[in-house]
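Structure record follows, encoded as structure tokens.
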Amino acid sequence: MDSTGDAPDQGYGKANGSDRPNGGEGSDRPDHPGHREPHHASMNARLNWLRAGVLGANDGIVSTASLVVGVAGATANSTAILIAGVAGMFAGALSMAAGEYVSVSTQRDTEVAALSRERRELAEEPDEELDELTCMYQDRGLSPGLARKVAVELTARDALRAHAEVELRLDSGELTNPWVAALASFLAFTVGALIPLLFITLSPADWRVPATFVAVACATAATGAISARLGHAPAGRAAVRSVLGGAVAMAVTFGIGSLVGTTTGV
Ligand SMILES: [Zn+2]
């Protein structure tokens, strides 16, 4: 059973480990069957997806902008700029997707292996596993009696899930699908890359570099601010950093492109 689309591509374990309040898992998950509200884990997962998408788009904006501006520094040939931009866009999107696929697959293999080890242990030595769960609840601050009670009740309901959540910090029902993660990265990068590509291609020749520069500044301000807001950080500072990062990248590649263009006489 895997509900794809719901897990962050940075790895589910990490999302659970760092973003969830200490030991509060399950407290927001109502016991009544017919009353399933979106709990914190899936909210965090969704936010992580969104943040990863915004960062992917930012990558697409900055790397493609730097590439086309660099080529524009060397040559006024519109076709050359367009070819470089399109090739750069696909190169970046495919490379992001491949990297994401590999990293999420590895993460998933690790999670699946951990879950099956846990399943085997539960089948072979249920008493030790119950003690283990009890200990983990005691470590989290419950009294021995209450920890035992919690462990017994959770084991009766779904032992694997209880161990997965407390011991492995992952949700046995939600493993990340590497194909979904790869596709999401591909799309995020492409959407970002289209911004500088369209501006450099459609602007009049004399204006294409400054127009792209301005468009990229606005776009990176937006990605910086949005990703900061998603992480509850101040948006203004993040926007400024993001714009500066993109501006430096473009200025450097434009300078290098101009230099190469002058020395080779393209
Ligand atoms: Zn266990």
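For the structure I just gave you, tell me whether Leu55 is buried (at least 23 other Cβ atoms within 10 Å of the Cβ) and either in contact with a strand residue (DSSP E or B) (Cβ under 7 Å, 6 or more places away or on another chain) or modelled with pLDDT of 75 or more (or both). Judged against the criteria, Leu55 is not a match. Residues in segment 215-252 that are surrounded by fewer than 21 Cβ atoms within 10 Å (Cβ to Cβ) and either outside any helix (DSSP H, G or I) or among the polar types (S, T, N, Q) (or both): Gly231, His232, Ala233, Pro234.
Is at least one residue of segment 101-113 within 15 Å of the ligand (Cβ to nearest atom) and either buried (at least 18 other Cβ atoms within 10 Å of the Cβ) or of a type outside the set (A, V, I, L, M) (or both)?
The answer is yes, given that some residue of segment 101-113 is within 15 Å of the ligand (Cβ to nearest atom) and either buried (at least 18 other Cβ atoms within 10 Å of the Cβ) or of a type outside the set (A, V, I, L, M) (or both).
Okay, residues lined up against (1) part of a loop (DSSP other than H, G, I, E, B); (2) crowded, with 19+ Cβ neighbours inside 10 Å:
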{"site": "Glu128", "(1), (2)": "no, no"}
{"site": "Cys135", "(1), (2)": "no, no"}
{"site": "Arg157", "(1), (2)": "no, no"}
{"site": "Glu165", "(1), (2)": "no, yes"}
{"site": "Asp171", "(1), (2)": "yes, yes"}
{"site": "Leu175", "(1), (2)": "yes, yes"}
{"site": "Ala181", "(1), (2)": "no, yes"}
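Quick one: is Gly145 surrounded by fewer than 17 Cβ atoms within 10 Å (Cβ to Cβ) and at positive phi? Answer is no for this residue. For segment 123-181, the tally of residues that are hydrophobic (A, V, I, L, M, F, W, C) and away from the ligand (no atom under 11 Å from the Cβ) stands at 13.
The values are calculated or read from the model by the stated rules, or taken from the named source; none is laboratory data. These figures come from a predicted structure and were not determined experimentally. Counting neighbours? That spans all protein chains shown, and the Cβs are built from the backbone with ideal geometry, glycine included.
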